[in-house]
Amino acid sequence: MQKKIIGIGLLLLLTNCTKANAQNTKEEKTYKQWFVGTSLFVLLGNLDTKNPPQFFELNLGYRITRKDVIALSPKTWKYAWPNGIHPFLNNAYKKADEKFPGYVREYGITASYTRFLWKEFYAQLDIMPTYQIFVNDYRTKIDDGFQVFNSYRIGYHFKLFKDKIFFQPSICMTHRAYHTELPDGFKQLDDKWSKFVFPEPGLNIGINF
């Protein structure tokens, strides 16, 4: 009798485990794990006539779970005013007396971790080491450098066309966590401004597959 009870118990346990695994497999298939995307600022920012960033960004991501996402994003852009000047809220941006004696070209790869906190609301950490090239007004390279540029953002994930496409507006704080010393003429202007800028918008789009 005792052996029968144990046998029935094991059978029920095995049945429940099989059902649970089937449910998990079904749940896993309800979302796509890989995605590729970019920022709408690649299009909008490059229309700037006074400080064209020649911006490029490609986001390659993987959803570990429904709530945990990682991504790598190669990027490049250039700028002629200090990063500490808010491009939308500070009228010092694009003023002639705040302009670098040339420009900075950067190449970097962002490592991102995203955590969905509630429904489609998320928080994201971006860490980007970059290689910097300093160019003077005569378009001659005068120095190079290294920077760690971080972003701390919150946003919302919109699913479009049955989740084939997504749109992620966000707001973030940028942080120049570390950089090597800038060359003369660049350093004096950069030192005037904060290492933090807030708020900055984000407009990412992508395709799931």
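The values are calculated or read from the model by the stated rules, or taken from the named source; none is laboratory data. Note that this is a predicted model, so its numbers are computed, not measured. Note that each Cβ is placed from the backbone with ideal geometry, even for glycine, and that neighbours are counted across all protein chains shown.
Can you name the number of the only condition in (1) closer than 21 Å to VAL104 by Cβ; (2) of a type in the set (S, T, N, Q); (3) modelled with pLDDT under 95 that ASN24 fails? Result: ASN24 passes all but (1).
Taking segment 118-186 and the strands (runs of 3 or more DSSP E) fully enclosed by it, the elements with 1 or more residues that are without any contact (Cβ under 8 Å) to a residue 60 or more places away in the chain and surrounded by 19 or more Cβ atoms within 10 Å (Cβ to Cβ) are at 121-136, 141-156, 165-179.
Among the candidates LYS99, LYS119, LYS164, LYS195, the residue that is over 22 Å from GLY61 (Cα atoms), basic (Lys, Arg) and out of contact with any Phe, Trp or Tyr (no Cβ under 7 Å at 6 or more places or on another chain) is uniquely LYS195.
Does segment 59-79 include one or more residues that are surrounded by 15 or more Cβ atoms within 10 Å (Cβ to Cβ), more than 29 Å from THR30 (Cα to Cα) and more than 17 Å from the chain's Cα centre (by Cα)? Yes: one or more hits. Checked across segment 33-49, the condition of being aromatic (Phe, Trp, Tyr) and either part of a helix (DSSP H, G or I) or at pLDDT below 75 (or both) holds for at least one residue. With respect to being assigned by TED's automatic domain parsing to the domain that holds TYR122, in contact with a strand residue (DSSP E or B) (Cβ under 6 Å, 6 or more places away or on another chain) and β-branched (Val, Ile, Thr), THR140 falls outside the description. Out of segment 187-202, which residues are out of contact with any Pro (no Cβ under 6 Å at 6 or more places or on another chain) and not in a loop (DSSP other than H, G, I, E, B)? Correct list: LYS187, GLN188, PHE196, VAL197, PHE198, PRO199, GLU200, PRO201, GLY202.
Looking at PHE167, PHE186, just one residue is modelled with pLDDT of 95 or more, hydrophobic (A, V, I, L, M, F, W, C) and more than 30 Å from THR30 (Cβ to Cβ), and that residue is PHE186.
The rows are residues; the columns are (1) among the basic types (Lys, Arg); (2) modelled with pLDDT under 95.
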| position | (1), (2) |
| --- | --- |
| ILE64 | no, no |
| ILE70 | no, no |
| ASN83 | no, yes |
| LYS95 | yes, yes |
| PHE100 | no, no |
| GLU106 | no, no |
| THR110 | no, no |
| TRP118 | no, no |
| MET128 | no, no |
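So in segment 140-190, with the set limited to residues that are of a type in the set (Ser, Thr, Tyr) and closer than 20 Å to ALA123 by Cα, which one is nearest to the chain's Cα centre (by Cα)? The extreme case among them is SER151.
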